[in-house]
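Report on the following structure.
The values are calculated or read from the model by the stated rules, or taken from the named source; none is laboratory data. Given the structure is predicted, the values throughout are model-derived calculations rather than measurements. Cβ atoms come from the backbone with ideal geometry, glycine included; neighbour counts cover every protein chain shown. Only protein heavy atoms, including side chains, enter the accessible area calculation; ligands, DNA and RNA are left aside. Shrake-Rupley method; radii C 1.70, N 1.55, O 1.52, S 1.80 Å.
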Amino acid sequence: MANITISPTNPHERILSAKRITRIVFIGLLLDILSFTIILPLLPRSLEAYKAREGSDPTTLLGSALRWVGVLREWIVRNSHDGAAGLLSPSPSRFLQQGARADMVLLGGLLGSLYSLLQCVVAPVIGRAADRFGRRRTLMVCMGGNILWTGVWIFAGSFETFLAARIIAGLSEGNVQLSNTIIADVTDPQTRSHGMALVGIAFAVGFTLGPSIGAYFAQLSPDFLLAQAPSANVLEFAPFAMAAVFSLALLVVECGYLFVRLPETLHYVARSTSGGNARQKAAAAAAPAASSSPHALLRRLNYLHFAYLFFFSGMEYTLTFLTHDKFGFTNAQQGRLLGFIGIASTLIQGGYVRRVKRKSQGEPMPDGQKKLRAQARTRDKALVSQGMVGCAAGLFCIALCCIRTDQTKHGAASAAAQRWLWAGALGLALASATVVNCLNSLVSLVANTTGSSGCDIGRRLGDFRSAGQIGRALGPMFACSVYWLSGASSCYMVGSVAVLLVSLVFIATVPAALAPSATPSSRALDAAGALENDSISKKHN
């Protein structure tokens, strides 16, 4: 295990240590996102493979679920002409009339909602565990769960086993949340958005390469793994098991790397500040008198995070089902589409987002930490707003793609319709590059004005992630239900309008900075921060 050794009188060494830790977190998170995204282009065809294996058997979980969904679909189709069940339209959509093929979209939405619902439950637990037992130890426990679920996935020959693997995955995935917490530990208000941007870059690169890697390994047969095993006949592989094998390999490498290189950062700030932890003591002394304004803003950000991810994740989740349904995309084509989103997101992160943040970081801050936080929050709010509006525009383009496809003979996809699809993917890339990671930065900056000691940032970010995961849990189920009942064009048009409304509410209700007199604790922090910055300047001079 690595240890943090920081001299309280050496700010330069402290900065270098923060950069090293951030780099370690970035590499580990990149491996994690690559492993996570491998399954994304494979999910629709994986469900079809399980359906071919056991969908006709009513004694299996999948067979029973498909039969229930089929009965509901037939009832809607039969009665909607009479006006009895037209929930979203007076007549059943063309997609709903496709029969059993449409049922897989609804089933996929339920599966995605289950994963996010479990994440919603476990995120606050992970955040509080990180504050109590340490970031590193909690992360290692999460890594053990990730390795376990991927191992189960390899041998998920039945849908029940695959479902069990996804349940384990939902209960153990905490790497993104803990990465944000660690970065918040080791960065200051001026550099935090830059650190959080690395999380977005890891997502962008992961979504660029992961789906393509998954599509490649899905073509390989796993039979040679058990060629010499005498009990090979009792084991049954999951569809596309070699993709799961590679995903497991990535997780093992990530676990070993973090175990060797990642230090504990729970008390990083306490160890790295001078003057007997004056900054933390000042904050703690002023905490009881702090205003409730930052707490109210944190709650508002949680609600907006839920609302945004409710619609964004639902539309994002149905994207592979849409391309499979409308265009007949293969695994490789699905990988190219998701890869395009990842590449575009990476370019936006590196070419636009980081440039905006570096420009603001280069401006002088004569009034201490308060000005740093205000400037960082103004910058993050602008980037979040741009990302949300870009997401709404992208969903609108995808809705136009669906409308153009539906207007052609037999619903065949045209080149013009596909151009709208790729334009919509660009809007989703802008949202992926800006919204969530800048919201995480915004939450951590607001949390610093509440008078807390910094050791509960895991709890703050855990609650924030939990709110978002509620949206991710309900969003796919909602979007797939709308898609199932009214078709793709209605689904994405609803999503576009809804995300636009969320963005307007965010712009109108989230201030770029609190009033200067809002928090006595923030004034104490600013004074301590100014003294610390002054001592650093004198030392360098």
Rank by packing, highest mean first: peptides 482-494, 396-408, with packing defined as the count of other Cβ atoms within 10 Å averaged across residues.
482-494, 396-408
So how much slack lies between Glu160 and Ala416, counting 0.36 nm per residue of separation and subtracting their Cα-Cα distance, in nm?
88.1 nm
Between Leu148 and Val497, the two model label points (7 Å from Cα along the beta-carbon direction) sit apart by a distance in nm of 4.5 nm
If segment 138-203 were replaced by its equivalent ellipsoid, with semi-axes equal to the square roots of 5 times the Cα gyration tensor eigenvalues, what would those be, largest first, whole Å?
32, 11, 7
Counting Lys and Arg as +1 and Asp and Glu as -1, each charge on the Cβ, what is the dipole of segment 104-179 about the Cα centre in debye, to the nearest 20?
340 debye
With r defined as the distance between the Cβ atoms of Trp68 and Ala296 and R0 fixed at 51 Å, what FRET efficiency is calculated, to the nearest 0.05?
0.70
Stokes-Einstein at 4 °C, 1.567 mPa s, Kirkwood radius from Cα pairs: D for segment 93-207 in µm² s⁻¹?
79 µm²/s
Taking R0 as 35 Å, what FRET efficiency do you get between Glu236 and Phe133 from their Cβ-Cβ distance, rounded to the nearest 0.05?
0.40
Given a 1.4 angstrom probe, I'd like the percentage of the accessible area of segment 147-216 that is carbon and sulfur, rounded to a whole number.
76 percent
